[in-house]
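Asker: I'd like to ask you about the structure that follows.
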Amino acid sequence: MRNNVRVSREEEIRAALFDHTLNGHAPEVKALTEEGLQLGMDPMDILFKALIPSLEEVGRRFEKADFFVPEMLIAARAMQGALVILRPLIAETGAKPVGRYVIGTVKGDIHDIGKNLCVIMLEGAGFEVYDLGVNTPPEKFVEAVQQHQPDIIGFSAFLTTTMPMFKANIDALVKAGVRDKVHVAVGGAPVTLEYAKHVGADSYAPDASIATRMAKDLVGAQAGQSGGAAALEQAVMKIDETLRKG
Ligand code: B1M
């Protein structure tokens, strides 16, 4: 009985988080996130079953012109408030450092929620992550590679108009003579495997959890623990194919 009551409150919290994020009510989103955690809800559950679906609904409404930029912005701010609380909890689950990862949203693009989720999950998987933030020019990526010597550099782009920055970033790495020293990963809502290959990236992932799994496999492969690069590419192609079919 007690359990039933708790489960139903968890469901209420998920539903309320969805609604309050959608409507950009930051204080309620923060309070509900804290209550959910006090009840023992899994941070990943809060993230993937309430907050992300809500933001997807924001996107659908924006497409139908039911929402405009201000609504999108306050919904994103409400979600960011919850992410601040969830981030350290997800990072805590990680093991010892497995590798270095530099990541940033490309120049001209200020979307960062998806990139931040990648950061959270990579940290959770034990990577030392250098987050360059949003609107990152190619020179900053080059500097970060020279300074931190990461195993992987990740570029996020969320607009069709900013995806061409992948190529500009890769060209800048080539020019600086560091392209061969680092694995280039790309992602973001409008990106596809074909596009990633077209611009000369080494890998593409459709979401943060696959990006993290691929990064872990890659570091393992470099350490000689797994030779999974080809298998990985095949898996990603399959996922991409499934996504395209819808
Ligand atoms: Co903007 N926006 N936005 N927006 N926004 C989108 C992206 C859009 C799809 C909305 C729509 O039309 N349906 C559309 C892009 C259309 C296109 O180009 N195809 C759009 C537009 C047009 C714009 C503006 C141009 C609007 C305007 O001003 N007229 C403007 C551009 C500003 C700029 O960047 N220069 C703009 C502005 C904004 C806000 C500032 C208001 C706000 C951003 C706030 C913020 O991020 N701090 C905003 C928001 C919130 C959105 C939507 C609603 C949500 C984005 C999001 O956070 N999604 C979005 C619609 C949508 O996506 N449904 C939209 C949730 C997130 C978890 O998913 O970002 O896909 P996603 O991240 C995933 C994967 O992509 C992947 O993992 C993440 C987690 O699983 N991933 C990687 C990300 N990086 C990766 C890197 C990897 C691997 C995987 O390897 C390195």
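The values are calculated or read from the model by the stated rules, or taken from the named source; none is laboratory data. Predicted model, so just to flag it, every value in this text is computed and none were measured. With ideal geometry, Cβ positions are generated from the backbone for all residues, glycine too; neighbour counts draw on all protein chains shown.
Asker: Looking at E123, E194, can you tell me which residue is away from the ligand (no atom under 12 Å from the Cβ), in contact with a strand residue (DSSP E or B) (Cβ under 7 Å, 6 or more places away or on another chain) and not hydrophobic (A, V, I, L, M, F, W, C)? Walk me through how you get there before you give the answer.
Answerer: Details: E194 fails: in contact with a strand residue (DSSP E or B) (Cβ under 7 Å, 6 or more places away or on another chain).
Exactly one residue qualifies, and that residue is E123.
Asker: Then there is this: What do you reckon, is L83 within 14 Å of the ligand (Cβ to nearest atom), at pLDDT below 90 and either more than 19 Å from D45 (Cβ to Cβ) or buried (at least 17 other Cβ atoms within 10 Å of the Cβ) (or both)? Please lay out each step first, then the result.
Answerer: Working: within 14 Å of the ligand (Cβ to nearest atom): yes; at pLDDT below 90: yes; either more than 19 Å from D45 (Cβ to Cβ) or buried (at least 17 other Cβ atoms within 10 Å of the Cβ) (or both): yes.
So L83 fits the description; yes.
Asker: Could I ask something else about it? Can you go through E143, E71 and tell me which one is away from the ligand (no atom under 12 Å from the Cβ) and over 14 Å from the mean Cα position of the chain (by Cα)? Before the answer, list the steps.
Answerer: Numbers: E71 fails: away from the ligand (no atom under 12 Å from the Cβ).
When all the criteria are applied, what remains is E143.
Asker: OK, next. Test D42 against the stated conditions and say whether it is within 24 Å of D207 (Cα to Cα), of a type in the set (D, E) and within 21 Å of the chain's Cα centre (by Cα). Let's see the steps before the verdict.
Answerer: Details: within 24 Å of D207 (Cα to Cα): yes; of a type in the set (D, E): yes; within 21 Å of the chain's Cα centre (by Cα): yes.
For D42, the condition - within 24 Å of D207 (Cα to Cα), of a type in the set (D, E) and within 21 Å of the chain's Cα centre (by Cα) - is met.
Asker: Among the residues of region 21-28, are any more than 14 Å from I74 (Cα to Cα) and either modelled with pLDDT under 90 or acidic (D, E) (or both)?
Answerer: Within region 21-28, not a single residue is more than 14 Å from I74 (Cα to Cα) and either modelled with pLDDT under 90 or acidic (D, E) (or both).
Asker: Any chance region 13-26 includes a residue that's among the charged types (D, E, K, R) and more than 25 Å from M121 (Cα to Cα)?
Answerer: Just the residues of region 13-26 that are among the charged types (D, E, K, R), to begin with: 14, 19.
Pick out the ones that are also more than 25 Å from M121 (Cα to Cα) and you get none.
Looking for residues that are among the charged types (D, E, K, R) and more than 25 Å from M121 (Cα to Cα), one finds none in region 13-26, hence no.
Asker: Suppose the filter is under 30 Å from D217 (Cα atoms), hydrophobic (A, V, I, L, M, F, W, C), more than 9 Å from the ligand (Cβ to nearest atom) and buried (at least 16 other Cβ atoms within 10 Å of the Cβ); does A78 pass it? Spell out the reasoning first.
Answerer: Numbers: under 30 Å from D217 (Cα atoms): no; hydrophobic (A, V, I, L, M, F, W, C): yes; more than 9 Å from the ligand (Cβ to nearest atom): yes; buried (at least 16 other Cβ atoms within 10 Å of the Cβ): yes.
Considered against the rule, which asks whether it is under 30 Å from D217 (Cα atoms), hydrophobic (A, V, I, L, M, F, W, C), more than 9 Å from the ligand (Cβ to nearest atom) and buried (at least 16 other Cβ atoms within 10 Å of the Cβ), A78 comes out as no.
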